[in-house]
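The values are calculated or read from the model by the stated rules, or taken from the named source; none is laboratory data. What you see is a predicted model, and the numbers here were worked out from it, not measured in a lab. Neighbour counts are summed over all protein chains in view; Cβ atoms, including those assigned to glycine, are modelled from backbone coordinates with ideal geometry. The accessibility values were calculated without ligands, DNA or RNA, using every heavy atom of the protein model including side chains. Shrake-Rupley method; radii C 1.70, N 1.55, O 1.52, S 1.80 Å.
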Amino acid sequence: MNPGFMRLFEPVALGSRTVKNRLTMTAMSTCFAGPAGEVTDRLVGYYARRAQGGVGLVTVEEAYIHPRLPHVKNALGVYGDHLVEGLKRVTGAIHARGGLASLQIGLYFRQQFNGFPRYSVSADAPDCAAGCKELTVEEIGYLTGLFADAAERAMWAEFDAVEIHACHGCLVAEFLSPFWNHRQDAYGGSPDKRFRFAREILAAVRKRLDPAYPVLFRISGSEFTPDGFTPEDAVALSRQLADHGVSAISVSGGLGHVNHIAIPPGSVPRGLLLPIGKRIREAVNVPVIVGNSMTAEIAVQAIENGAADMIGIGRPLIADPDWPQKVKNGLLDEIRHCLRCNQGCYGALLDARRPHIACMYNPESGREFEHPITPAGVSRHIVVTGGGPAGCEFARVSRMRGHRVVLLERSGHLGGQIRLAAVPPAKGDFAKMADFYKGELERLGVDVRLNTAGTPQRLAEFKADVYVFATGSEPVRPPIPGVDMPHVFLAQDVLNQKANVPDGPVVVVGGGATGLETAEYLADQGRSVTVVEMLNEAGRDIQPGIGVREGLMRRLADKQVQIICGQAVKEIDAAGVTLSDRPLTGVGNQTRILAAAVVLAVGMKPAAAQPEGLPASAVWFRIGDCCHPGNALQAIHQAFDLAIRI
């Protein structure tokens, strides 16, 4: 065991149970259940794999307690006795791999998918429209019973603990927070009255379960919003819950639709909740769990400094279920770190086109039940051209399957566009992907040849069985008069510091992700920046609702970056650009903007990948951006899918 992290692997008492270490997987919706909340093979395989990786307590995602109120598509259910046998499959799989299992139970009215009427703690809650129904005292009692029923089913299903979801804007959180709760009766007003519903749920659950059965509450340490739930509220609530028999307090934070701290993107500081966790821990005599995207180094400091008894790990276990074992054994360089991009996981919950969560660069996540990586029937000689995300993923998986793999990369490093993605503010985590692939390909024995172009002559010399082209994409230079002038630069050259951008105002042409991130990068250098976007809205290629786009747009506004939409650059000259408000043809009203430099960020096109001079018996494929420019998640998953078939 790595002595620097020993504190993380000490056992912890949790009610009548003992958790083998201080690590708990926090509840995260997956959309892996069936259409009526039933357990599936995909869901069982996913949680079994997380337990196998060494986490002490696996908190299975929030299960809905009323048959008409799932909170996400394909949510897990615990609303009926008929679901218990399926849930036993989950607990059995976790127990068989040495972990304890907890089930989070909860209820949303403001986040549901089947047209059920909107009920709320208050009819005038911030997001309540006309017709919103304020819960009556009788209805509150009915819902309290549903929580008790669900907790009892969790015990029948052999879960070792049950966790009440009371944060992130769920119904219990609505009662707790003055942001939502404007009631004037016994359930609103003072903190003690706002906390009443939570106390009644705890009492009802305790009445149904064995006295020592662990019952946890997941609360906000703060909602980080005006008039919301405060750290002082969190301390007071924790005291009350501890006095009424709770077994542990799990601390989260934020309001997902307001400030995106609950599932933080890369712009949110790591360990943000630790000071609040410490205050709660000093006020109660039960274990306190704190998470919110901590590294192993921050986690062990939190234990040593008394800020937490246990560490909650969420998305890092989606990215790498072996995170606990790798930390325990000192293999930190082998961890596939979560990038906090929110694209594969949180993004899937909000995108109706995607059936369930995934991870940008762990394509196995959610596919564990398929056992997709198996030894190849025949070991083949494979040559991969291109060391970006797609090429690296294909080489990694192919080598794991027993193929002999050579990877050619024309530059002096692996990573491709991902290295540029790590340059803008709040994006530094992306460099960890390139580091991961570099380490994995070396560990697996892939023959990586840097500064080596995949020319037809060189490819023919290998006489390989399979050739895979992952040559990526290259920036588009639009046919704008003046585009070739010396003060016009590509965004990629700005980010990799190849461009010597002169002092003075800068116009960025293109308001997609690359243009906006480059604008922020330049603004941080003290430059005056204007972004021009032809479409009616900037950032349309960044998924809304997951915190990345919202945070970026807020920071750009704070840094006084001007964004002009619905206009096209008609001409570039030595002193500026001319815009047209009729982007279809370029006629119409024209506006001139002064600029000492112009930066182009108008999209990408496939880089050349011609299968010339290959042996007649060889087969070849294209993957990633050289097929169709997209994002890293698409490229990596496409590469994985090809690699498991060859």
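Could you check, for the range 122-132, whether at least one of its residues is within 26 Å of V205 (Cα to Cα), of a type outside the set (V, I, T), in contact (Cβ under 8 Å) with a residue 40 or more places away in the chain and buried (at least 22 other Cβ atoms within 10 Å of the Cβ)? Quick ask: steps written out before the conclusion?
Going residue by residue through the range 122-132, those that are within 26 Å of V205 (Cα to Cα) are 122.
Next cut, of a type outside the set (V, I, T) only: 122.
After this cut, where a residue has to be in contact (Cβ under 8 Å) with a residue 40 or more places away in the chain as well, the list is 122.
Now restrict to residues that are buried (at least 22 other Cβ atoms within 10 Å of the Cβ): none.
No, every residue in the range 122-132 fails to be within 26 Å of V205 (Cα to Cα), of a type outside the set (V, I, T), in contact (Cβ under 8 Å) with a residue 40 or more places away in the chain and buried (at least 22 other Cβ atoms within 10 Å of the Cβ).
Any residue in the range 65-85 that is at positive phi sitting within a Cβ distance under 6 Å of a residue that is in a loop (DSSP other than H, G, I, E, B)? List the pairs, counting only those 6 or more apart or interchain.
Close Cβ pairs satisfying both conditions: N74/C31; N74/A33.
Working only within the range 313-335, note down all residues that are part of a loop (DSSP other than H, G, I, E, B) and touching an Asp or Glu at 6+ places or on another chain (Cβ under 6 Å). If you could, list the steps in order and put the result at the bottom.
Filtering the range 313-335 down to residues part of a loop (DSSP other than H, G, I, E, B) leaves 314, 320-322, 329-331, 335.
Scanning the range 313-335 gives a single hit, I335.
Please go through the range 340-363 and pick out each residue that is over 12 Å from L633 (Cβ atoms) and either touching a His at 6+ places or on another chain (Cβ under 6 Å) or free of Cβ contacts under 8 Å to residues at least 12 places away in the same chain (or both). Even if it seems obvious, please write down each step before you answer.
If we filter the range 340-363 for residues that are over 12 Å from L633 (Cβ atoms), which is where we start, we get 340, 346, 349-350, 352-353, 355-356.
R353 - this is the single residue of the range 340-363 that is over 12 Å from L633 (Cβ atoms) and either touching a His at 6+ places or on another chain (Cβ under 6 Å) or free of Cβ contacts under 8 Å to residues at least 12 places away in the same chain (or both).
Restricting attention to the range 160-181, does a residue exist that is open to solvent by less than 10 Å² (accessible area, probe 1.4 Å), farther than 27 Å from G253 by Cα and either polar (S, T, N, Q) or at pLDDT 95 or above (or both)?
No, the range 160-181 has no match at all.
So if I check each of R17, R49, which one is open to solvent by 50 Å² or more (accessible area, probe 1.4 Å) and either modelled with pLDDT under 95 or over 17 Å from I289 (Cα atoms) (or both)? Let's see the steps before the verdict.
Numbers: R17 fails: either modelled with pLDDT under 95 or over 17 Å from I289 (Cα atoms) (or both).
Just a single option satisfies the conditions, and that option is R49.
For the range 618-634: of the residues being of a type in the set (G, A, S) and open to solvent by 10 Å² or more (accessible area, probe 1.4 Å), which is nearest to the chain's Cα centre (by Cα)? Don't jump to the end; show me each part of the working.
Within the range 618-634, the first condition is being of a type in the set (G, A, S), and the residues that meet it are 618, 624, 630, 632.
Restricting the remaining residues to those that are open to solvent by 10 Å² or more (accessible area, probe 1.4 Å) gives 618, 630, 632.
Details: A618: 39, G630: 18, A632: 14 Å.
The qualifying residue nearest to the chain's Cα centre (by Cα) is A632.
Yes or no, residue by residue, for (1) closer than 22 Å to S16 by Cα; (2) part of a helix (DSSP H, G or I):
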{"residue": "D210", "(1), (2)": "yes, no"}
{"residue": "F217", "(1), (2)": "yes, no"}
{"residue": "S222", "(1), (2)": "no, no"}
{"residue": "A236", "(1), (2)": "no, yes"}
{"residue": "R239", "(1), (2)": "yes, yes"}
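Could you give me the residue pairs with C-beta distances under 7 Å whose first residue belongs to the range 10-35 and is at negative phi, whose second residue is open to solvent by 30 Å² or more (accessible area, probe 1.4 Å) and of a type in the set (D, E) wherever it lies, and which are 6+ apart or on separate chains?
Final answer for the pair search is N21/E10; R22/E10.
Show the residue pairs meeting these rules: Cβ distance below 7 Å; 6+ apart or different chains; first residue within the range 182-203 and over 18 Å from S247 (Cβ atoms) and open to solvent by 50 Å² or more (accessible area, probe 1.4 Å); second residue assigned to a loop (DSSP other than H, G, I, E, B) and of a type in the set (S, T, N, Q).
Here the result reads H182/S122, each pair linking the range 182-203 to a residue that is assigned to a loop (DSSP other than H, G, I, E, B) and of a type in the set (S, T, N, Q).
May I ask you to list pairs of residues, at least six apart or on different chains, whose Cβ atoms are under 8 Å apart, with the first in the range 277-306 being among the hydroxyl-bearing types (S, T, Y) and the second being open to solvent by 30 Å² or more (accessible area, probe 1.4 Å)?
Qualifying pairs under 8 Å: S293/R270; T295/R270.
Answer yes or no: is there a residue in the range 520-527 that is open to solvent by less than 40 Å² (accessible area, probe 1.4 Å), modelled with pLDDT of 95 or more, touching a strand residue (DSSP E or B) at 6+ places or on another chain (Cβ under 8 Å) and within 21 Å of M485 (Cα to Cα).
So far as the range 520-527 goes, yes, one or more of its residues are open to solvent by less than 40 Å² (accessible area, probe 1.4 Å), modelled with pLDDT of 95 or more, touching a strand residue (DSSP E or B) at 6+ places or on another chain (Cβ under 8 Å) and within 21 Å of M485 (Cα to Cα).
Taking the criterion of being in contact with a helix residue (DSSP H, G or I) (Cβ under 8 Å, 6 or more places away or on another chain), in a loop (DSSP other than H, G, I, E, B), open to solvent by 30 Å² or more (accessible area, probe 1.4 Å) and modelled with pLDDT of 95 or more, would at least one residue in the range 561-580 satisfy it?
Looking for residues that are in contact with a helix residue (DSSP H, G or I) (Cβ under 8 Å, 6 or more places away or on another chain), in a loop (DSSP other than H, G, I, E, B), open to solvent by 30 Å² or more (accessible area, probe 1.4 Å) and modelled with pLDDT of 95 or more, one finds none in the range 561-580, hence no.
Just to be sure before I move on: is E297 under 17 Å from G4 (Cβ atoms), among the acidic types (D, E) and not in a loop (DSSP other than H, G, I, E, B) in the structure I sent? Before you say what the answer is, go through the steps one by one.
On the way: under 17 Å from G4 (Cβ atoms): yes; among the acidic types (D, E): yes; not in a loop (DSSP other than H, G, I, E, B): yes.
Criteria met by E297.
R354: assigned to a loop (DSSP other than H, G, I, E, B) and over 27 Å from G34 (Cβ atoms), yes or no?
On the way: assigned to a loop (DSSP other than H, G, I, E, B): yes; over 27 Å from G34 (Cβ atoms): no.
The answer is no for R354.
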